[in-house]
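Here, each number is a calculation from the coordinates, and none is a lab measurement. Quick caveat: nothing in here was measured; it's all calculated off a predicted structure. Every residue, glycine among them, receives a Cβ derived from its backbone with ideal geometry; neighbour counts consider all protein chains shown.
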Amino acid sequence: MVFQPGWRILENQFTFAFFGNAGIPLPRGLLGPTVLSIALGIALVLPTTPAAQAYSEVVSFTYDGRTYKAYNNISPITWSEARAYALSQGGDLVSLNTAAENTAIFAQIGYSSFPSLWNSVPGSQFVGPYIGLFQPDAPLVDSGWQWVDGSLLTSASWYSGQPDNGYGVENVALYFNQVSQWADVYDCSTTSVPCSANNQPANAYRSQSFVVEFNPVAVPAPVPMFGAMAALGWSRRLRRRNRHISL
């Protein structure tokens with residue numbers, strides 16, 4: 001709660017303007033989405049705007065010279081929302097180009113170690129972190145998959161019966177059922193199908209976590225000692241020569 005004196009235009013809030021000892025409520029919606037508060041004394045503001053998404057880093061680790069971080073949110077999100085946050089952090093959703101990489105990454109984010117990265121969905125199943133696998137065109141059952149780094153899917157690790165394109169629009173992937181295998185789900189923020197399609201709950205098969213991959217930082221190669229000393233010697237020689245010429 002915040003006390004604000006004077007004239008105020010307050011968006012998406014309930015405002016109580018106090019005149020002496022009398023409180024006059026000005027309910028939200030009085031002037032559309034904006035409430036005009038004419039406060040001769042002190043206005044008591046009670047915010048009603050919903051909290052923004054709150055991403056938290058759960059674990060950070062390295063593999064084959066790259067850094068990876070797993071994040072979760074307070075509630076399920078879409079694949080596109082996860083990727084947008086990954087890009088904002090300077091990385092991207094993980095591209096699992098080999099079976100070895102997939103195994104190594106899963107070993108760091110498994111349910112037994114980090115249950116907060118997994119959430120239950122209908123059918124007594126669990127969905128885990130989103131990965132950077134998607135279909136850029138109209139979803140097909142088992143073709144057209146590629147990674148966000150631009151490489152094609154060559155080493156797949158699908159869960160039994162997956163991908164199935166179950167609702168006709170399943171075009172992104174995530175870890176499934178507490179194992180190092182994947183399932184296809186729909187990214188309802190980028191299709192015409194709402195998140196509650198086909199009578200499914202709004203959060204069905206939407207994860208609340210994702211894995212971000214960061215490219216390694218290039219380290220400049222050290223200058224060989226011999227080369228550095230030779231360069232220093234030539235520099236001194238040139239300076240002496242220039243002095244001699246000027247004289």
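Net length available on complete extension from residue 66 to residue 142 is 24.5 nm, with 0.36 nm assigned per residue and the Cα-Cα distance removed. Semi-axes of the equivalent ellipsoid of region 56-214 are 22, 17, 15 Å, computed as sqrt(5λ) over the eigenvalues of the C-alpha gyration tensor in descending order.
Taken as Cα centroids, region 88-113 and region 53-77 sit 10 Å apart, rounded to the nearest whole angstrom. Once the Cα-Cα distance is subtracted from the 0.36 nm per residue extended length, the residue 124 to residue 56 segment shows a gain of 21.9 nm. Look at 130, 167, 186 and count the other Cβ atoms within 10 Å of each Cβ; fewest to most, that gives 167, 186, 130. Put in line by how crowded their Cβ is, counting other Cβ atoms within 10 Å and starting with the fewest, 206, 83, 66 read 66, 83, 206.
Taking label points 7 Å from Cα along the Cα-to-Cβ direction, residue 155 and residue 179 give a separation of 1.9 nm.
Taken over the C-alpha atoms, region 133-178 has Rg and Dmax values of 10.3, 28 angstrom. In plain terms, the residue of 74, 109, 131 with the fewest other Cβ atoms within 10 Å comes first and the most crowded comes last, giving 74, 109, 131.
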